[in-house]
Structures are given as C-alpha cells and as structure tokens.
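K.L.:
Below is one structure. I have some questions about it.
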Amino acid sequence: MNKLVPITLLVVILLGVLYVYIYSNNRFRFKLSDTGISQLEPSPQVIFVSSDFHLVAPDGMKYTQPSITQGRTDVVSVTPWLAPVVWEETFNEKLLDSIYMKKNISVVATVFAVGKYIMFLKDFLETAEQFFFVGFRVSIYVFTDRPNDVPHVKMAEGRQLNVLPVPSSNRWQEISARRMELIQKLIEEKLINKADYIFCLDVDSKFHGRWGTESLGGLVAVIHPGYYRDDRSRFPYERRPISRAFVAPGDGDFYYCGGAFGGLIQEVHQLAKTCRKNFEDDAKEGIEAAWQEESHLNRYMWTNKPSKILSPEYLWQDFKARNPEIKIIRFSGVVKNYAAIRPN
Ligand SMILES: *[C@@H]1O[C@H](CO)[C@@H](O)[C@H](O)[C@H]1NC(C)=O
C-alpha cells in the first residue's frame, strides 16, 4: 500500500511532462503553404517568415560531408555581423541549385548600355547565357538609347531579354546618376510581386565562370577588386561631410562595387530609392560625390549591412593580374579605352 503512493505520483508527473511536451510540439508545428511561406499553427499572431529564409533540400540528395573544422584559411568567409562572404570552395553548387530549383525562383538582371557602351552588350548577353543562373528563370532588362542596335542573342528557354529605351546623355556621370532612379521605377512598375531577386550589373563586363544561387541573399554587395587588401583609410569613399554619401574616417567595412549589387527585389528597391534621393538632394546643392552612385551605395551599405557579400571573384578587372586567393574569376570588367567610349 505505502509502495503505491510514490508510483502513482511518478505516473502523474510523467503524464504531466508528456502533456506539456505534446502541447508545445503542436503549438510550433510548421505547415508549408504552396507559396513557400510558412505559417505557425494555431497561433495566428506570428504570421509568416519570408520564403527566402526557409531552405528545403530535396529528399535523397547525396553530397560530400561538409566539414566544420576544415575549409578555406587564406580568406575570410564571414563578416563581423555574420554575413557569409562567398568564395570558391565555400559552397556546394549542386546542393544550392536543388534548394532554389524547388522554390522556382525568378532572377532579374539589369544593365545600362547607353551610347557607345552598347558595344559591350553582345559579349555580356552571350556569356550570361553560359554562366549566369543557368537553368533558372532569368529576365534581363537592357536600358539603352539605341534600342535598334541591341544584338540578337539566342536565349535558352525560360530566359528573356527586355529592352527599355532611355534618353541619351552628354555626360557619363549623368547616365550613371540616373541608374538608381531607373532601377527604382523598373521595380515599382514591373517587378514587385513578379520576380524574386535582382542583380544590377555593369555592361562592360563578361562572365567567365558560374554566377548562380550561391549569390542569393537579402541585400548582396560585391567587394571591389581594387581595394580589398587595403586599410579603410585608403578606400575612395566620399570624404566631404557636406555630401550625403559622406563616410567618416575610421568608418566603413569594405569598399563595394557600384558595378554589381543585388538581392531581394524589396531590398534593392529600398537601396535604389535611398541612393537616388541622396544623390538628387546632393545635386540640388551642387554636390557630386567622388564616385557618384558607387559612393552613395557604399554609404548606404555602411548603415544597412549586406546580408551576403560576394568576393572579388564576382567582379574582377581584366587588366588586373589574378591574386592567389582568387581561384576563379566569374565576372570581370573588360579593358577599355575610356576616351573612346565616354561622351565627355
Ligand atoms: C514557376 O513560376 C512560373 C511563373 O509564376 C510559372 O509559370 C511556372 O509554372 C512555375 N513552375 C513550377 C514548376 O511551379
């Protein structure tokens, strides 16, 4: 009789633990809706998590075991705010592609081929067919003042080319200045809720290697190939406090390229809108930042930290010798004669 009391007590405690366990499991069970947006059930106050952050691998996928102790040691592959820095050998492209293929993502790329820059478009488009998000839905938007000179490049299924006419300009700085405005408007008028990711790229460049799903992220910046080994005091930020692109001495993480940036449509919209406004407010006061939109982009990304950073593999310069940490050049600016192509 006196043995039964502790046993009963034990059973009651076990039942209690079991109840709490089942209850909490039910509360946090996920249900994936068709849109890829996950919803918590049954508590409706936590509505959704962006599909960007929910990565589902296909069943039965086999790949090399990732190591937690071995990897690249010659480069840094994470920032102090814990954003990944993408270098060759830090990712598994087959795994990433299969995750994003399931999500049926669509990727937009914009390029500006104004004036004589149209001469670079053919190589850009042809190499994009070979290397840029191959196998995914891709829309390339070309802004140009010479729509009749856009080359005919055969695009694979699921990929399209869209030509958007823009007025000519007499100063290349002005062409560069209007880029943010045109990107902002393109997103508002054509892309919101229609595409997932966007990359804004320089046309006077060619792809030489894969640029794919490893580059996807919320806000994506590319490290400029010219300054990545330098102290921040040598970065060519805008240094005059009167400009809205001002970066103070002792501030700044990296020097990012104006020639390639991207991310989720909503993030890039925010960036383009902010940079455009700061650019225009500066212009009203007669101020032009040291490197125009690149300066404003760098100022923006000092405050709004990119969630993914692409190494200089993603925008090299053809005239630069390859450094040993650059194991592959994926995208590179072609050697050009500025005097021959710029209007001023
Ligand atoms: C992917 O999305 C496009 C555009 O929304 C749609 O037309 C297509 O059917 C989708 N494909 C799959 C496999 O769901």
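K.L.:
Quick one: in the stretch 126-184, which of the residues that are within 16 Å of the ligand (Cβ to nearest atom) and among the aliphatic types (A, V, I, L, M) is surrounded by the most Cβ atoms within 10 Å (Cβ to Cβ)? Full working, then the answer.
P.N.:
Taking the stretch 126-184 as the starting set, the residues that turn out to be within 16 Å of the ligand (Cβ to nearest atom) are 133, 135-139, 156-160, 162.
Keeping just the survivors that are among the aliphatic types (A, V, I, L, M) gives 138, 156.
On the way: Val138: 24, Ala156: 11.
So the residue we want is Val138.
K.L.:
Which pairs do you get when a residue that is part of a strand (DSSP E or B) and aliphatic (A, V, I, L, M), found in the stretch 257-273, comes within reach of a residue that is surrounded by fewer than 20 Cβ atoms within 10 Å (Cβ to Cβ) and at pLDDT below 95, reach meaning Cβ atoms under 7 angstrom, with the pair 6+ apart or on two chains?
P.N.:
Matching pairs, first to second residue: Leu264/Asp52.
K.L.:
Six or more apart or on different chains, Cβ under 8 Å: which pairs go from a residue in the stretch 87-98 that's assigned by TED's automatic domain parsing to the domain that holds Tyr314 and under 18 Å from Phe53 (Cα atoms) to one that's of a type in the set (S, T, N, Q) and surrounded by 17 or more Cβ atoms within 10 Å (Cβ to Cβ)? Could you list them?
P.N.:
Listed by first residue and then by second, the contacts come to Glu93/Thr213; Leu96/Thr213; Asp97/Thr213.
K.L.:
Just to be sure I understand, how many residues within the stretch 104-124 are on the phi > 0 side of the Ramachandran plot and out of contact with any strand residue (DSSP E or B) (no Cβ under 8 Å at 6 or more places or on another chain)?
P.N.:
Within the stretch 104-124, the subset on the phi > 0 side of the Ramachandran plot is 104, 115.
Still in the running and out of contact with any strand residue (DSSP E or B) (no Cβ under 8 Å at 6 or more places or on another chain): 115.
Count: 1.
K.L.:
OK, next. Please name all residue pairs, on different chains or six or more residues apart, with Cβ atoms under 6 Å, provided the first residue is in the stretch 286-314 and is in the same structural domain as Arg276 (by TED's automatic domain parsing) and under 22 Å from Lys327 (Cβ atoms) and the second residue is in a helix (DSSP H, G or I) and at pLDDT 95 or above.
P.N.:
Leu310/Ser215
K.L.:
Please enumerate the residues belonging to the stretch 270-329 that are within 20 Å of Leu216 (Cα to Cα) and among the acidic types (Asp, Glu).
P.N.:
Glu313
K.L.:
Looking only at the stretch 328-336, decide whether some residue is closer than 24 Å to Pro84 by Cα, surrounded by fewer than 19 Cβ atoms within 10 Å (Cβ to Cβ) and touching a residue at least 40 places away in the same chain (Cβ under 8 Å).
P.N.:
yes
K.L.:
Of all residues in the stretch 83-116, count the ones that are at pLDDT below 95 and away from the ligand (no atom under 16 Å from the Cβ).
P.N.:
Result for the stretch 83-116: 3.
K.L.:
Turning to a different aspect of this structure: Counting only residues that are of a type in the set (Val, Ile, Thr) and under 18 Å from the mean Cα position of the chain (by Cα), how many does the stretch 228-270 have?
P.N.:
Taking the stretch 228-270 first, the residues of a type in the set (Val, Ile, Thr) are 242, 247, 265, 268.
From what is left, the residues that are under 18 Å from the mean Cα position of the chain (by Cα) are 265, 268.
Here the count works out to 2.
The values are calculated or read from the model by the stated rules, or taken from the named source; none is laboratory data. Source: prediction; values computed, not measured. Note that each Cβ is placed from the backbone with ideal geometry, even for glycine, and that neighbours are counted across all protein chains shown.
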